[in-house]
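Everything below concerns the one structure shown next.
The values are calculated or read from the model by the stated rules, or taken from the named source; none is laboratory data. Worth saying up front: this structure is predicted, and the values here are computed from it rather than measured. Don't worry about glycine lacking a Cβ; one is built from the backbone with ideal geometry, like all the others, and counts go over all protein chains shown. Just the protein is used for accessible areas: all its heavy atoms, side chains included, with ligands, DNA and RNA removed. Shrake-Rupley method; radii C 1.70, N 1.55, O 1.52, S 1.80 Å.
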Amino acid sequence: MSFSAVVVAAGAGLRAGPGEPKAWRTLGSRPLVRWSVEGLLAAGAREVIVVVARERLGQVDEALAGLEGWKAVTGGVTRADSVQAGLAAVTAPRNQPVLVHDAARPFVTRTHVDRLLAALDLADGAVPALPVPDTLKRGDSLVDETVSREGLYRAQTPQAFRLGRLKAAYRRWPTGEEPTDDAAVVERAGGSVAMIPGDPMLMKLTYPEDFLMAEQLAASRRIVRMGLGIDAHRFGPGDVVWLCGIRIQHDVGLVGHSDADAGLHALTDAVLGAIGAGDIGEHFPPSDPRWKGASSDQFLTHAVAMLTARGGRILNADVTLVCERPKVGPHRADMRQRIADLLRVPTDRVSVKATTTEGMGFTGREEGLMAQAVVAVETPL
Ligand code: MG
């Protein structure tokens, strides 16, 4: 089912301790807000509206770089103001479902979303709710009374509503009062809200200790994948070869539809291989005139963008060039730097090695050269 989502990331999150507001702190090396946006996009959101404080508008582009289908808007003074600013930016028809989600709950998945959307058939809203396992006390430093936890639940987010219904409920909400969630607004307006089973993984990161626990969980929800790429090109007329993004003066050139940079081609295939996304010929067919003479860095940039869009990142890359000539040594440092720039990783994550085949075979006879690349990436589970 098609749905839109509003992610609220405008709060200061003061209880999480000093430093950046919590939506902008990193969890598993990614900003917290990115987890929710990625989770909702992966669950099939047609659009995600991210509500941020005005001074964070510049930062959000960086935090969500490579993701498509989101838009940032400026929040208000209160959470309710921010939610309404987000709802106003939703482009879906008013009978479509909208999910409202707190950026402080990073582990939202398609399963959560599907359950909420299904529950909207029976009610005006749906919330994930968990029973309260602890005994409840009322009091200050001394207990006044023990409160029955019978029938009490903790409401989590995302919460699902029909867009028009939620907007109308907010219009009726009395000014001067501050709802703590969106279901409360619909309830007050006389709407029905279904409770679906909540999930401890939808926990809200509030205190510094929550972040420590979430780091462990985040690591367990990421996997390392490897990709291998191999490419060869034939020497031909010319006096320049491109290798690993570096222009090298030589007594012959390399023949290819693009600039014939076997190093970057092997790397591109390795990145595509690591995410199971086909090969370079599939994405950039040699039959397509657009790629005639093309600089191969755009192939690699495209593969990295696909990885980033899946929430992944490069861990390291190792390239081996197989040729008698040109000599790689004098260009090795430049090659590493160029590849590191294209992969957007520090230089020490990139290795460029060279070898010959001792005069044997096509590289030995200098009919052409070959490149092999291995790449390790980290992606969501
Ligand atoms: Mg090639």
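Here is how the numbers come out for the structure above:
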{"read-out": "Residue list for region 272-313, filter: open to solvent by less than 30 Å² (accessible area, probe 1.4 Å), within 16 Å of the chain's Cα centre (by Cα) and within 16 Å of the ligand (Cβ to nearest atom)", "value": "Ala303"}
{"read-out": "Filter pass, Asp269 being surrounded by fewer than 17 Cβ atoms within 10 Å (Cβ to Cβ), touching a helix residue (DSSP H, G or I) at 6+ places or on another chain (Cβ under 6 Å) and modelled with pLDDT of 95 or more", "value": "no"}
{"read-out": "Residues (assigned to a strand (DSSP E or B) and either surrounded by 15 or more Cβ atoms within 10 Å (Cβ to Cβ) or modelled with pLDDT of 95 or more (or both)) located in region 211-223", "value": "Arg222"}
{"read-out": "Residue list for region 330-378, filter: hydroxyl-bearing (Ser, Thr, Tyr) and part of a loop (DSSP other than H, G, I, E, B)", "value": "Thr356, Thr357"}
{"read-out": "Region 7-34 - residue that is outside any loop (DSSP other than H, G, I, E, B) and either of a type outside the set (A, V, I, L, M, F, W, C) or in contact with a Leu (Cβ under 6 Å, 6 or more places away or on another chain) (or both) and, of those, modelled with the lowest pLDDT", "value": "Arg15"}
{"read-out": "Set Val127, Val147, Val185: member being assigned by TED's automatic domain parsing to the domain that holds Ser82 and in contact with a Lys or Arg (Cβ under 6 Å, 6 or more places away or on another chain)", "value": "Val147"}
{"read-out": "Residue count for region 285-339, restricted to those that are of a type in the set (A, V, I, L, M) and without any contact (Cβ under 8 Å) to a residue 24 or more places away in the chain", "value": "1"}
{"read-out": "Meets criteria (in contact with a helix residue (DSSP H, G or I) (Cβ under 7 Å, 6 or more places away or on another chain) and open to solvent by less than 50 Å² (accessible area, probe 1.4 Å)) for Val345", "value": "no"}
{"read-out": "Cβ pairs under 8 Å, 6+ apart, first in region 247-269 and basic (Lys, Arg), second open to solvent by 10 Å² or more (accessible area, probe 1.4 Å) and more than 10 Å from the ligand (Cβ to nearest atom)", "value": "Arg247/Val240"}
{"read-out": "Criterion (surrounded by 21 or more Cβ atoms within 10 Å (Cβ to Cβ) and over 22 Å from the mean Cα position of the chain (by Cα)) met by exactly one of Leu99, Leu116", "value": "Leu116"}
{"read-out": "Region 224-263 - residue that is in contact with a Ser or Thr (Cβ under 7 Å, 6 or more places away or on another chain) and not in a strand (DSSP E or B) and, of those, least open to solvent (accessible area, probe 1.4 Å)", "value": "Asp261"}
{"read-out": "Test: residue in region 123-133 that is assigned to a strand (DSSP E or B) and open to solvent by 60 Å² or more (accessible area, probe 1.4 Å)", "value": "yes"}
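Okay, residues lined up against (1) at pLDDT below 95; (2) open to solvent by 20 Å² or more (accessible area, probe 1.4 Å); (3) in contact with a His (Cβ under 7 Å, 6 or more places away or on another chain):
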| site | (1), (2), (3) |
| --- | --- |
| Glu145 | no, yes, no |
| Arg149 | yes, yes, no |
| Ala155 | no, yes, no |
| Phe161 | no, no, no |
| Gly164 | no, no, no |
| Pro174 | yes, yes, no |
| Arg188 | no, yes, no |
| Gly198 | no, no, no |
| Glu209 | yes, yes, no |
